[in-house]
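What follows is one structure encoded as structure tokens, with my remarks underneath.
The values are calculated or read from the model by the stated rules, or taken from the named source; none is laboratory data. Model, not experiment: these values are computed from the prediction. Cβ coordinates were reconstructed from backbone atoms using ideal geometry, including for glycine residues, and neighbour counts include every protein chain displayed. The area values use the complete protein model at the heavy-atom level, side chains included, leaving out ligands, DNA and RNA. Shrake-Rupley method; radii C 1.70, N 1.55, O 1.52, S 1.80 Å.
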Amino acid sequence: MQTMPKWADIVLIPLINLFLAFFISGLVILAIGEDPVAAVKLMVEGAVGSTYGWGFTLYYATNFIFTGLAVAVAFHAALFNIGGEGQAALGGLGVALVCLMIPWPHWTVALVAASVGAAAFGALWATIPAYLQAKRGSHIVITTIMFNFIAAALLNYVLVNLLRPAGTMDPASAKFPEATHLPTLSDILNSVGIPFAARTPANVTLIIALIACVAVYYLIWRTKLGYQIRAFGKSEPAARYAGISSVKIIMITMALSGGLAGMMAINNVMGEAERLILNSVEGAGFIGIAVALMGRSHPFGVLLASILFGFLYQGGAELALWTSIPRDLVVVIQALVILFTGALDGMVRAPVEKMFLMMRKGA
Amino acid sequence: MDYLTLLQILDSTLRLATPLLLACLAGLFSERGGIFDIGLEGKMLAAAFFAAATAAVTGSVWLGLLAGIAASMVLSGLHGLASITFRGNQLISGVAINFLAAGITVLVGQSWFKLGGRTPPLIGGGRFPEITLPFAEALRDVPVIGPFYAEVISGHTILVYVALLCVPLSWYILFRTRFGLRLRAVGENPAAVDTAGVSVIGLRFAAVAICGLLCGIAGAYLATGLGAGFVKDMSAGRGFIALAALIFAKWRPWYALYATLLFGFLQAIALRPDVLESLLHFKIQVQLLDALPYILTVVILAGFVGKAVPPRAGGEPYVKER
């Protein structure tokens, strides 16, 4: 029986969860002797108070949209892909190879090819754990964690031994050629007459991220495959009984998930750094977990949650710059969001359900 | 490679295996009780920080150990609250705990010590002293065994010996006591335990508490035994290696010892690439050694070398039938 209206489930409960997470974050700020109100003010000003701030907020958000969608797609099949970090790192390798190996005539062509490269490498890195889960029964969570570490070691090896230009000490690839540089958001907006701060990293990848949101929505709720994925996620035996191959669904879902995580690399590697560096993902793969949980695995929710985390990231950087609150505050907030929207969801849900039941009885 | 170099490597193997072993046994209790715990890393990190901070302020390493255990137990309590009481997703709760510890340690560390998230270096009573076992010096001249005893077995901090003693102790508790039987049962078939009139919730909280205790010792050892103070992210993935070792050990205490010694050995030898190169006559990539525990775990999990079967009710919150 539906105990509470739909809006409560998708709006009210996430908001209460979020409120609890932020409330405790505020207490943490108080506990280390800083003023939470001033901190929020500084974060808002720094992250969304100017187009310069937005340029960074949207750049981070773009990363999180990809990794969030990746986790969300896997959630629909009841798979917990914790390996977004490694998949995005491998995506970066795909982008770097595409950009460095082939002389591209124009960024548009390079972008398409790099997207394919990023998605393919990310997908490949996700399908190995998927295969091991589907065929050998090893737990996908553990394997994807292990693959994060293996990816880090692999990237370290490739950067130090293979991609590093001769004569440099830095474990990073060569700079990508000029023709592969993506137009930034300010280039695009200024060209249509909207003023937007230059020298910000948000770039054309944002549009691809938005397209990815729509595509994931369409896939999950408007196609046969999406139906199969959701059916499998709700009940594996029922899906099997209906003739849905579990091996096929696990493999395809994880490939999609890894591909999405990998595509994050066109934003950070191709769009921003314009070369492949060590640890280019910087934890965005893990933020995808928080984003997907908060967004209730719905692309629109993921989009909103990504912008929120983009705001937190940029705001956190501003805080670190102007106050003595380290950037790690964002990690704490991220942890609390995961805790309240993910693990402690039942704590909030039960009393709210009870409240609605009481209201119904009263009416 | 001469005998002394070998002994040095074995000595650091034991040092490096200790936190892995403690964390692995911690995970063993938790997972045998049906609670998956990927938050070992976070608990170790939090324990390391609070142990180092307390030891730095009070100058007493024992108070530091207690503080470390307390910090780890608080996180364990949180994990229990989320995954036992509110029947939340245990994996998600573990992820949250890892991030919480990573963030809080730096945040609080910066606020207390203003050293960029570090604690002041520990000196004197702030660290565990190395214990020379009886006759270590007298027996040093006995060929082969003497130096082995003096170099590898003797000369560690008390926590190393505690960790080693935890292995038979864990085995005894799990396989020879009533509590252990029940704990294992609650990880395999909680409904049966419930039917017998034993509290599933109570047992699972006990499992999680033991896990917190052991992770606390592991973390305290990192900051006050292996190192001398806390540095940001000092657990450096050890919680995950311990998790890997746990699977490698197929959730058994003695195998956990062997698995963590193996992984400790891999870490120790990664610190001495020169030795490895002279031994193998070709250069082995450090990155491969770093990744080896994880690769081995994947191989084991995939069942290519024996099958690792986790406790059957692991990860499932228990719901009483109505």
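For (1) at pLDDT below 90; (2) within 18 Å of B:Gly227 (Cβ to Cβ), each residue gets a yes or a no:
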{"site": "B:Thr13", "(1), (2)": "no, yes"}
{"site": "B:Leu16", "(1), (2)": "no, yes"}
{"site": "B:Glu31", "(1), (2)": "no, no"}
{"site": "B:Ala46", "(1), (2)": "no, yes"}
{"site": "B:Gly59", "(1), (2)": "yes, yes"}
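Answer yes or no as to whether B:Ile295 is open to solvent by 10 Å² or more (accessible area, probe 1.4 Å), of a type in the set (A, V, I, L, M) and away from chain A (no Cβ under 11 Å). Outline the logic, then answer.
Details: open to solvent by 10 Å² or more (accessible area, probe 1.4 Å): yes; of a type in the set (A, V, I, L, M): yes; away from chain A (no Cβ under 11 Å): no.
The answer is no for B:Ile295.
So for the stretch A:46-61 (the condition being β-branched (Val, Ile, Thr), touching a residue at least 40 places away in the same chain (Cβ under 8 Å) and open to solvent by 10 Å² or more (accessible area, probe 1.4 Å)), does at least one residue qualify?
To start, the set of residues in the stretch A:46-61 that are β-branched (Val, Ile, Thr) comprises A:48, A:51, A:57.
Of the ones still in play, those that are also touching a residue at least 40 places away in the same chain (Cβ under 8 Å) are A:48, A:51, A:57.
After this cut, where a residue has to be open to solvent by 10 Å² or more (accessible area, probe 1.4 Å) as well, the list is A:48, A:51.
Yes; the residues of the stretch A:46-61 include at least one that is β-branched (Val, Ile, Thr), touching a residue at least 40 places away in the same chain (Cβ under 8 Å) and open to solvent by 10 Å² or more (accessible area, probe 1.4 Å).
Which number in (1) in contact with a Leu (Cβ under 8 Å, 6 or more places away or on another chain); (2) open to solvent by less than 40 Å² (accessible area, probe 1.4 Å); (3) modelled with pLDDT of 90 or more marks the one condition that A:Phe196 misses?
(3)
Those residues that are closer than 15 Å to A:Thr62 by Cβ, assigned to a helix (DSSP H, G or I) and open to solvent by 20 Å² or more (accessible area, probe 1.4 Å), I need them from the stretch A:261-307; list them, please.
If the condition is that a residue be closer than 15 Å to A:Thr62 by Cβ, assigned to a helix (DSSP H, G or I) and open to solvent by 20 Å² or more (accessible area, probe 1.4 Å), then A:Met263, A:Glu272, A:Ala273, A:Leu303, A:Leu304, A:Ile307 are the ones that fit.
Can you tell me which residue within the stretch B:35-82, out of those that are open to solvent by less than 40 Å² (accessible area, probe 1.4 Å) and among the hydroxyl-bearing types (Ser, Thr, Tyr), is nearest to B:Thr157 (Cα to Cα)?
Residue satisfying both the conditions and the ranking: B:Ser60.
Could you list all residues from the stretch B:83-114 that are assigned to a loop (DSSP other than H, G, I, E, B), open to solvent by 20 Å² or more (accessible area, probe 1.4 Å) and facing another protein chain (nearest Cβ under 7 Å)? Outline the logic, then answer.
So the first thing to find is which residues in the stretch B:83-114 are assigned to a loop (DSSP other than H, G, I, E, B), and the list is B:86-89, B:114.
Adding the requirement that they be open to solvent by 20 Å² or more (accessible area, probe 1.4 Å) leaves B:86-87, B:89, B:114.
Residues satisfying the conditions are B:Phe86, B:Arg87, B:Asn89.
Starting from the stretch B:137-163, take each residue that is free of Cβ contacts under 8 Å to residues at least 24 places away in the same chain and list its partners that are assigned to a helix (DSSP H, G or I) and of a type in the set (Lys, Arg), counting only C-beta distances under 7 angstrom and pairs at least six apart or across chains.
B:Gly146/B:Arg140; B:Ala150/B:Arg140
Name the single residue, out of those in the stretch A:340-352 being in contact (Cβ under 8 Å) with a residue 40 or more places away in the chain and over 23 Å from the mean Cα position of the chain (by Cα), that is surrounded by the most Cβ atoms within 10 Å (Cβ to Cβ).
Looking only at the stretch A:340-352, we keep the residues that are in contact (Cβ under 8 Å) with a residue 40 or more places away in the chain, and these are A:340-342, A:344-345, A:348-349, A:352.
This time we only want the ones that are over 23 Å from the mean Cα position of the chain (by Cα), so: A:348-349, A:352.
Values: A:Val348: 20, A:Arg349: 18, A:Val352: 16.
So, considering only residues that are in contact (Cβ under 8 Å) with a residue 40 or more places away in the chain and over 23 Å from the mean Cα position of the chain (by Cα), the one surrounded by the most Cβ atoms within 10 Å (Cβ to Cβ) is A:Val348.
Please go through (1) assigned to a helix (DSSP H, G or I); (2) surrounded by fewer than 20 Cβ atoms within 10 Å (Cβ to Cβ) for A:Phe232 and return the number of the only condition it doesn't satisfy.
Unmet condition: (2).
Within the stretch A:321-339, is there a residue that is among the polar types (S, T, N, Q), touching a helix residue (DSSP H, G or I) at 6+ places or on another chain (Cβ under 8 Å), more than 9 Å from chain B (Cβ to nearest Cβ) and surrounded by fewer than 24 Cβ atoms within 10 Å (Cβ to Cβ)? Reasoning before the result, please.
Step one: list which residues in the stretch A:321-339 are among the polar types (S, T, N, Q), which gives A:323-324, A:334.
Keeping just the survivors that are touching a helix residue (DSSP H, G or I) at 6+ places or on another chain (Cβ under 8 Å) gives A:323-324, A:334.
Of the ones still in play, those that are also more than 9 Å from chain B (Cβ to nearest Cβ) are A:323.
Imposing the further condition that a residue be surrounded by fewer than 24 Cβ atoms within 10 Å (Cβ to Cβ) reduces the set to A:323.
Yes: one or more hits.
Filter the stretch A:129-148 down to residues that are open to solvent by 20 Å² or more (accessible area, probe 1.4 Å) and within 8 Å of chain B (Cβ to nearest Cβ) and give me whichever is nearest to A:Gly262 (Cα to Cα).
A:Ile142
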